[in-house]
Amino acid sequence: MPRVLAVDVGTSSVRAQVFGAEAYEHEPARREYAGEDDPARIVELVRETVNEAVAAEQYDAVGGSCFGHSLVALDDSGRPLTEILGWRDTRSADAAARLAAELDADAVHARTGCHIHTSYWPAKLAWLAAERPDVFRSARRFVSFSDFLYAELLGRAVPTSMSMASATGLLELHARAWDQEWLATLGLEAERLPEISDEAVNGWYPALLDGACSNLGAGCVTRERAALMVGTSGAFRTVYESSEPRARPGLFVHWVDDARIVEGGSLSDGGSVVQWLGQTLKDPDGSLANRDPGSHGLTFLALLGGERSPGWHQHARGAIEGLTFDTTPLDLRQAALEGVAFRFAEVAELMPEVEEVVATGGALLRDADWLQIMSDALGRPLTVSGVKEASLRGAAVVALERLGHSPPPGALGRVVEPRPDRADAYRAARERQRRLYEAAMGSRTN
């Protein structure tokens, strides 16, 4: 029976495990890091993790999952000229606003499935050309971090996957090639971008976008079953087969492979909000189980890391309304968790075809209070995923599929039901957040 090595490189840790044909999980090898943007350092941590996971085990292929939207400029020798420019880097906000004013933003979204936004390559490249022109001009190639990682591990240049290319915002969806209007606008030759291929190199299949892998690992592979993931960031996504992807307002759509797409909305605030709370406040005392959104008088606009879905405003910032001298750390924690949940509800509303929602991601699965708040905010049941490391398992699933095997879907756990007696309070609180959002954004168009 086949055995595959799966590697998952996230924004805060790397995990690796050798899986059998059923893709059953056991405790993976792991290295943690926080805010790391040195590509060489993360490569070193990946090597350590893979070596620990493999030990003396044999495997037939390697499947990869990696954070997306990252940009690294390389010199003629393949050495990095920049740090990792990731999705959390909003320095290109002004560049994105200029591009949105110059181009037909709706047409760009329709062609590429991506909004003009700091998350994606076009804004980062425009910023790099304006702010660090010597680096932009001297760069031989621009790649995703996963491409640099594979080149370092395998000792040769490697193609980028269709999944990772689609998540750059530079890929024309229907041509499945680099978008010609973007290349002309940015003054960029296609030769400076990676080759696109899903073929294995020395047994290593090019890494896929971690979000798509999360759905595959959790078994969310139809339009009707969405994965609601909270890790460092958050996302509400579906993966399904399609030959004609169509971008819908407020949402992204990327290729997963030659037959499947991933569609949904991303939030920059997820577990990062919980981390911020822990760093900012003293430990809040008490449980949230018996509190509703009317108990604290706060409205928390969870845009501390900026906005992606559904508004994609370049310069968005978070806000808290209703602070008084009586506000407690527990009040703030509750309001923040509700604030993230209400942003998820805005995204879910754009995908009415979804019938079942599966909760996944460590930041959410570890917090029973947040699971209940999320269910109440969405007004629908949440099925808790039984998969601990969905992106890691998803990388294994992809590799096994390409070897001709079909692992069983990810296990599911308990169902968290929305509380009917809290429905009115949550509807009212969500409406207060909408009003705060509109006031904070004002007439802002970018």
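May I ask you to list the residues of the stretch 380-401 whose amide nitrogen lies under 13 Å from a point 7 Å from Cα along the Cα→beta-carbon direction of Ala411?
Within reach of a label on Ala411: 385-389.
For Ser13, enumerate residues with amide H under 5 Å from its amide H, sequence gap 5+ or separate chain, H modeled in the peptide plane.
Under 5 Å from the amide H of Ser13 lie the amide H atoms of Tyr33, each far enough along the sequence or on another chain.
What ratio of Cα Rg to 2.2 N^0.38 Å holds for the stretch 158-249?
1.22
Counting only other residues whose beta carbon sits under 13 Å from that of Gly286, what net charge do I get with K and R as +1, D and E as -1? Mind dumping the intermediate values first?
On the way: positive: Lys282, Arg291, Arg333; negative: Asp283, Asp285, Asp331, Asp369.
Result for the local shell: -1.
Measure off, as a whole percent, the carbon and sulfur share of the 1.4 Å-probe accessible area of the stretch 145-229, all protein chains present.
Numbers: 1280 of 2750 Å².
Answer for the stretch 145-229 is 47 percent, counting heavy atoms of protein chains only.
Which ³J(HN,Hα) values in Hz, rounded to whole numbers, follow from the phi angles of the stretch 122-134 under the Karplus curve 6.51 cos²θ - 1.76 cosθ + 1.60, where θ = phi - 60° and Gly and Pro get x?
x, 5, 5, 5, 5, 5, 4, 5, 7, 9, 9, x, 4
Please list, in order along the stretch 216-232, the HN-Hα scalar couplings obtained from phi with the Karplus expression 6.51 cos²θ - 1.76 cosθ + 1.60 (θ = phi - 60°), rounded to whole Hz, x for Gly and Pro.
Coupling constants for the stretch 216-232: 5, x, 8, x, 9, 10, 9, 5, 8, 10, 9, 9, 9, 10, 10, x, 4 Hz.
Magnitude of the Cβ-charge dipole of the stretch 86-200, K/R +1 and D/E -1, about the Cα centre, nearest 20 debye?
For this selection, approximately 320 debye.
Would you mind calculating the gained length between Ala423 and Arg140 on full extension (0.36 nm times residue separation, minus the Cα-Cα distance), in nm to one decimal? Let's see the in-between values first.
Numbers: separation 283, 0.36 × 283 = 101.88 nm, distance 5.58 nm.
Additional length available on full extension: 96.3 nm.
I want the antiparallel fraction of DSSP beta bridges within the chain, as a percent rounded to 5.
Working: 41 of 58 bridges.
Taking every DSSP beta bridge within the chain, about 70 percent pair in antiparallel fashion.
Taking the Cα centre of the stretch 277-388 as the origin, how large is its charge dipole in debye, to the nearest 20, when only Lys and Arg (+1) and Asp and Glu (-1) carry charge on their Cβ atoms?
Values: 9 positive and 16 negative charges, 77 e Å.
In debye, rounded to 20, the stretch 277-388 gives about 380.
Need one number for the stretch 9-49: average projected area of the convex hull over its C-alpha atoms, nm².
Averaging across all directions leaves 3.1 nm² for the Cα convex hull.
Less than 15 Å Cβ to Cβ from Gly10, Lys/Arg counted +1 and Asp/Glu -1: what total charge do the surrounding residues give?
My count for the surroundings of Gly10 gives +1.
Over the Cα atoms of the stretch 183-331, what Rg and Dmax result, in angstrom?
For the stretch 183-331, the Cα radius of gyration and maximum Cα-Cα distance read 20.2, 62 Å.
Under a point spin-label approximation (7 Å from Cα along Cα-to-Cβ), what is the Thr328-Tyr33 distance to one decimal in nm?
Label at Thr328, label at Tyr33, 4.0 nm between them.
Which three numbers, in whole Å and largest first, are the semi-axes of the equivalent ellipsoid of the chain derived from its Cα gyration tensor as √(5λ)? Before the final figure, lay out each step's value.
Numbers: eigenvalues 224, 144, 81 Å².
Ellipsoid half-lengths, sorted descending, are 33, 27, 20 Å.
If I model a spin label at Thr185 and Asn202 as a point 7 Å from the Cα along the Cα→Cβ vector, what separation in nanometres do I get?
So the two model labels end up 3.8 nm from each other.
Label 7 Å along Cα→Cβ of Glu224; the stretch 234-249 residues with amide nitrogen under 18 Å?
237-242
Once the Cβ-Cβ distance between Met441 and Glu131 is put in as r, and R0 is 35 Å, what FRET efficiency do you end up with, to the nearest 0.05? It would help to have the intermediate numbers written out before the result.
Details: r = 26 Å, r/R0 = 0.74.
After rounding to 0.05, the efficiency reads 0.85.
Suppose all protein chains stay in the model; what accessible area per residue would a 1.4 Å probe give for the chain, in Å²?
Numbers: 17610 Å² over 446 residues.
Here the per-residue accessible area is 39 Å².
Under 15 Å from a point 7 Å along the Cα-to-Cβ line of Glu401: which residues of the stretch 171-214 have their amide N that close?
198-200, 205-214
HN-Hα J couplings of the stretch 93-108 from phi, Karplus 6.51/-1.76/1.60, θ = phi - 60°, integer Hz, Gly and Pro as x?
4, 5, 5, 5, 5, 5, 5, 5, 6, 7, 10, 7, 4, 5, 5, 4
By the scheme Lys and Arg +1, Asp and Glu -1, what is the net charge of all other residues having a beta-carbon under 9 Å from that of Arg91? Before the final figure, lay out the partial values.
On the way: positive: Lys124; negative: Asp89, Asp94, Glu131.
Net charge in that neighbourhood comes out at -2.
The values are calculated or read from the model by the stated rules, or taken from the named source; none is laboratory data. Just so it is clear, the model here is predicted, and its values are computed rather than measured. Reconstructed Cβ throughout: ideal geometry from the backbone, glycine too, with neighbour counts over all protein chains shown. Note: accessible area is taken over every heavy atom of the protein model, side chains too, but ligands, DNA and RNA are not part of it. Shrake-Rupley method; radii C 1.70, N 1.55, O 1.52, S 1.80 Å.
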